[in-house]
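The structure under discussion appears below in the form of structure tokens.
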Amino acid sequence: MPKRAWSTKELGALAALWPEYGTTWGGWVDYLPERTSRDISQHAYQLGLKRATGERTREEYVRPKPCPFCGAAPTVEYREGSWTVRCNYAPCPVGVATTAKSHRAAIAHWNRRRTHE
Ligand SMILES: [Zn+2]
């Protein structure tokens, strides 16, 4: 069965996340929900991506917590080498965001946030 071509969004997620997490990371279920681990590893090697920190397990995926100010689910975006976790909910009183060089660090910072910060 012919496979659907990789979209620009999928390629962006693969290029940004695979070097940090590898193939067995649990977060692929959110970032590349239609791709198997075999698809992911084959495509990463085809693109010549370099793994920086080794394989991460399924359990090492941490989802960002809801916004501490309004409770909305935040968005996670990669742009120009940085990850940003942000509350994009229009009525949010704060519209808070946190940015870091790695995906893991951005989510860790976001999840440590408290309403009094
Ligand atoms: Zn919010």
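The values are calculated or read from the model by the stated rules, or taken from the named source; none is laboratory data. For clarity, every value in this text was computed on a predicted model and none was experimentally measured. Note: ideal-geometry Cβ built from the backbone for every residue, glycine included; neighbour counts use all protein chains shown.
Structure values in brief
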item	result
Those residues of the range 89-105 which are closer than 27 Å to PRO19 by Cα and either among the hydroxyl-bearing types (Ser, Thr, Tyr) or within 16 Å of the ligand (Cβ to nearest atom) (or both), in sequence order	ALA97, THR98, THR99, SER102
Pair list, Cβ under 9 Å, 6 or more apart: the range 1-13 residue within 21 Å of HIS103 (Cα to Cα), other residue at pLDDT 90 or above and assigned to a helix (DSSP H, G or I)	GLU10/TYR31; GLU10/HIS43; LEU11/HIS43; LEU11/LEU47; ALA13/TRP28; ALA13/TYR31
Per-region count, the range 81-99, residues over 16 Å from ALA13 (Cα atoms) and touching a strand residue (DSSP E or B) at 6+ places or on another chain (Cβ under 8 Å)	8
In the range 63-80, the residues that are within 12 Å of the ligand (Cβ to nearest atom) and touching a strand residue (DSSP E or B) at 6+ places or on another chain (Cβ under 6 Å)	PRO64, PRO74, THR75
So ASP30, is it loosely packed, with under 13 Cβ neighbours inside 10 Å and without any contact (Cβ under 8 Å) to a residue 40 or more places away in the chain	yes
Candidate set: the range 48-75, residues that are of a type in the set (A, V, I, L, M) and farther than 21 Å from PRO93 by Cβ; chosen: the one nearest to the chain's Cα centre (by Cα)	VAL62
